[in-house]
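**Student:** Supplied in structure tokens, the structure appears directly below.
Values quoted throughout were computed directly from the atomic coordinates according to the rules given, and no laboratory measurement underlies them. Being a predicted model, the structure only gives us computed values, none of them experimental. With ideal geometry, Cβ positions are generated from the backbone for all residues, glycine too; neighbour counts draw on all protein chains shown.
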Ligand SMILES: [Zn+2]
């Protein structure tokens with residue numbers, strides 16, 4: 001029998017649950033809607049049932065599991081196994097997730113960690129970070145998050161919320177961020193930022209972004225699509241994405257001196273469109289000894305959030 005673990009990647013809209021090996025091979029997985037509005041008890045129940053469904057599909061029983069690892073939007077308290085509160089899980093407060101699952105899966109080791117940290121661990125162990133000691137994972141989607149592994153240790157911080165890179169301030173007089181501060185990295189580089197900037201600009205400027213949105217919500221993907229078609233405004237916004245991502249990544253390199261950085265999240269699917277601008281920005285700054293050794297690439301594991309969550313159950317963080 002292989003060393004098997006259950007992985008739970010809890011998100012604001014869906015929960016991805018899988019059974020995996022210690023080598024990061026996902027044997028089977030099921031995605032279910034989170035149904036945040038129905039409250040945590042409903043979701044926890046659905047998680048339990050889905051784990052049983054997976055075990056049945058694989059002809060296993062719960063005693064075959066060596067551990068369960070959960071990645072959740074933060075802030076969380078990993079020691080107590082509690083989701084403290086989360087903007088992505090509206091209305092959930094002090095949810096005793098580990099305790100509730102332990103009632104069902106008695107005697108099984110259950111770990112909870114911030115989702116950015118979990119994804120970083122997944123990409124570190126099973127993706128681009130494999131084999132190095134100092135690694136950073138950045139996810140660029142609704143917000144900007146991620147995690148850091150330094151000297152092979154996941155940097156969880158004092159309250160499991162280390163590496164909030166998205167709220168690193170890159171412009172003191174800058175754009176308002178959802179967190180309340182001005183000029184955060186994610187207020188410039190996230191998918192949401194791309195959408196907001198496009199929305200503001202198309203009011204006064206000619207662009208096919210408006211046609212693609214057809215009067216509805218402007219999405220980051222429309223901006224990338226318009227840029228592919230040579231739209232001047234879209235090209236400028238995409239170029240700026242490369243610039244701001246480069247500025248943020250430079251700061252991260254200056255702080256951590258990593259060997260490798262992976263970029264994941266929805267926006268990374270268009271990374272090739274702003275990769276050169278991003279790298280030029282990084283390389284135009286000082287600290288050459290750090291920037292030159294750091295390799296920056298698109299994340300290799302789309303499911304790093306899932307496999308990283310599972311790895312929490314066995315990796316000594
Ligand atoms: Zn912020």
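**Student:** Once every DSSP H run of n ≥ 4 in the chain is given -39500 (n - 2.57) and the sum is divided by its residues, what mean residue ellipticity at 222 nm do you get, rounded to the nearest 500 deg cm²/dmol? Intermediate values should be presented prior to the final figure.
**Tutor:** On the way: 11 runs with 114 residues, N = 317.
Helix contribution divided over all residues of the chain: -10500 deg cm²/dmol.
**Student:** Can I ask one more? Using the Kirkwood formula over every pair of different C-alpha atoms, what hydrodynamic radius in Å results for the chain? Spell out each step's value before the answer.
**Tutor:** Values: mean 1/r = 0.0493 Å⁻¹.
This gives a value of 20.3 Å.
**Student:** Then there's this: What residue among 182, 211, 302 has the largest mean-square fluctuation in a Gaussian network model of the chain, using Cα springs under 10 Å?
**Tutor:** Of 182, 211, 302, the Gaussian network model singles out 211 as fluctuating most.
**Student:** Treat the count of other C-beta atoms within 10 Å as a stand-in for reagent exposure and order 21, 50 from fewest to most. Present the calculation step by step, with values, prior to reporting the outcome.
**Tutor:** Numbers: 21 14, 50 20.
Starting with the residue having the fewest Cβ neighbours, the order is 21, 50.
**Student:** Using every Cα-Cα pair within the stretch 159-317, state what percent have a distance larger than 18 Å. Present the calculation step by step, with values, prior to reporting the outcome.
**Tutor:** Details: 8010 of 12561 pairs.
The share of Cα pairs beyond 18 Å in the stretch 159-317 comes to 64 percent.
**Student:** Sticking with this structure for a sec: Counting only Cα atoms, I'd like the Rg/Rh figure for the stretch 171-247, Kirkwood definition for Rh. Don't skip to the end; give the middle numbers.
**Tutor:** On the way: Rg = 12.3 Å, Rh = 12.6 Å.
Result: Rg/Rh = 0.98.
**Student:** Mind checking the full-extension length gain between residue 206 and residue 63? Use 0.36 nm per residue of separation minus the Cα-Cα distance, one decimal, nm. Before the final figure, lay out the partial values.
**Tutor:** Values: separation 143, 0.36 × 143 = 51.48 nm, distance 6.15 nm.
Extending this stretch completely gives an extra 45.3 nm.
**Student:** Among 68, 149, 208, which one shows the highest mean-square fluctuation when the chain is modelled as a Gaussian network with alpha-carbon springs under 10 Å?
**Tutor:** 208
**Student:** So if each residue of separation counts as 0.36 nm, and I subtract the Cα-Cα distance between residue 106 and residue 52, what length gain in nm does that give? All intermediate terms of the calculation are to be shown ahead of the outcome.
**Tutor:** Values: separation 54, 0.36 × 54 = 19.44 nm, distance 1.40 nm.
Roughly 18.0 nm would be gained on extension.
**Student:** Let me ask you something else. Please work out the Kirkwood hydrodynamic radius for the stretch 25-159, using every pair of different C-alpha atoms, and report it in angstroms with one decimal place. Intermediate values should be presented prior to the final figure.
**Tutor:** Details: mean 1/r = 0.0619 Å⁻¹.
Computed over the stretch 25-159, the radius equals 16.2 Å.
**Student:** Quick one: Debye curve from the C-alpha atoms of the stretch 95-190, no solvent, what's log10 I(q)/I(0) at q = 0.18, 0.24 Å⁻¹?
**Tutor:** -0.89, -1.11
**Student:** So, one more: Would you list 78, 286, 210, 72 from fewest to most Cβ contacts within 10 Å?
**Tutor:** Values: 78 22, 286 9, 210 18, 72 28.
With the fewest neighbours first, 78, 286, 210, 72 line up as 286, 210, 78, 72.
**Student:** In the stretch 234-317, what is the volume of the convex hull around the alpha carbon atoms, normalised per residue and reported in Å³? Don't skip to the answer; put the middle values down first.
**Tutor:** Numbers: hull volume 8.3 nm³, N = 84.
Enclosed volume per residue, from the Cα hull, is 99 Å³.
**Student:** Taking neighbour counts of Cβ atoms within 10 Å as a proxy for exposure, in what order, fewest first, do 225, 56 appear?
**Tutor:** Numbers: 225 16, 56 10.
So the residues, fewest neighbours to most, are 56, 225.
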